[in-house]
Amino acid sequence: MRRGRQVQPTWVAAAAMLSLAASAWAAQTESIPPGELVRRTVQNEVKASETPGTPHMFVSLKEGTHGSQTKLYCETKDAMAGMAIANDGKPLTAAQREAEEARLDQLMRNPEELKKKRQREKEDDERVERIVRSMPDAFLYEYDGTERGADGIGKEGDELVRLKFRPNPKYEPPSRTEQVLAGMEGTLLIDASRYRIARIDGKLFKEVAFGWGILGHLDKGGHFLVEQGDVGDGTWDIRKMSLAFTGKILLFKHLDFKSNETLKNFRPVPRDLTFAQGVELLKKHENTLAENNHPAASQNHK
């Protein structure tokens, strides 16, 4: 009992110091205009995307209107290698697996097709980067409290700054890529100590037309969610993406797109892997999963 009485003041003092440090950090953060915090964070996000990081193998569960698919992915220097391992939580049949391996073999044997795949990935990355780069100017921000990081959202346990955002009426989208931002509002979670985005949660509060409505439009109510976090080795990556939009393309074709994708089980792989080497790693890992009744597929399906 005597020892307990002696230790208690130490814990109280430590707790008080931590509380003061947290309060000072929060005050320092809020002394930065919210728009400036977003600008610094976006600059760091762009820098991180342009700096080669640790490549990974990971599992993706993608759910859409026609069911779900579980895939293994491996980052390589040539392109992203991906292989389906389950549909609707059930392992591929022998015929489906043979077709999947044939698709990958075709890519490995055809350098031009692999080059086209890499170019498509590059174009997708550039579109995402354009959206991210536009965020400081496209929206107006205000502080909205804090949240704790959780599994897949920032670094678990760390404090995240929450911001509300709404369209900046002075912003003029330079292309159709950024035009959707004019009708979006929502919240943004930022790790202000690392200048990283942990979550973007946006909703279309009005219809957004493209090309004066001639090229199409997105309906009010569309939803966009991206969560990003530490995958366990200090590397940050997207952990969840959710899209739900309806509208029309070229006035006639109805658009109804819904997709939820969760990324998990990240593990580092050697740098400078070729696409062929990445595929071999995927096949080895798929065999391991098959021997264990596809635990990754079953866990993601729950």
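Points to keep in mind about this one:
- Relative contact order (%) - segment 48-195, alpha-carbon pairs under 8 angstrom, separation at least six: 13 percent
- Straight-line cross-link reach from residue 283 at under 17 Å between alpha-carbon atoms covers these aspartates and glutamates, not counting any fewer than eight positions away in the same chain: 75, 98, 100, 101, 105, 291.
- The order of the peptides 193-206, 235-248, 47-60, 112-125 by mean Cβ neighbours within 10 Å, most packed first, is 193-206, 235-248, 47-60, 112-125.
- Taking a ≥ b ≥ c as the square roots of the eigenvalues of the Cα gyration tensor, segment 34-84 is classed as oblate, since a/c reaches at least 1.5 and a/b does not exceed b/c.
- Cα centroid of segment 139-204 to Cα centroid of segment 41-103, whole Å: 26 Å
- Accessible surface of segment 69-122, 1.4 Å probe, proportion on carbon and sulfur as whole %: 48 percent
The values are calculated or read from the model by the stated rules, or taken from the named source; none is laboratory data. Bear in mind that the values here come from a model prediction, so they are computed numbers and not experimental data. Neighbour counts run over all protein chains shown; Cβ positions are idealised from the backbone, glycine included. Ligands, DNA and RNA are excluded from the accessible area calculation, which covers all protein heavy atoms including side chains. Shrake-Rupley method; radii C 1.70, N 1.55, O 1.52, S 1.80 Å.
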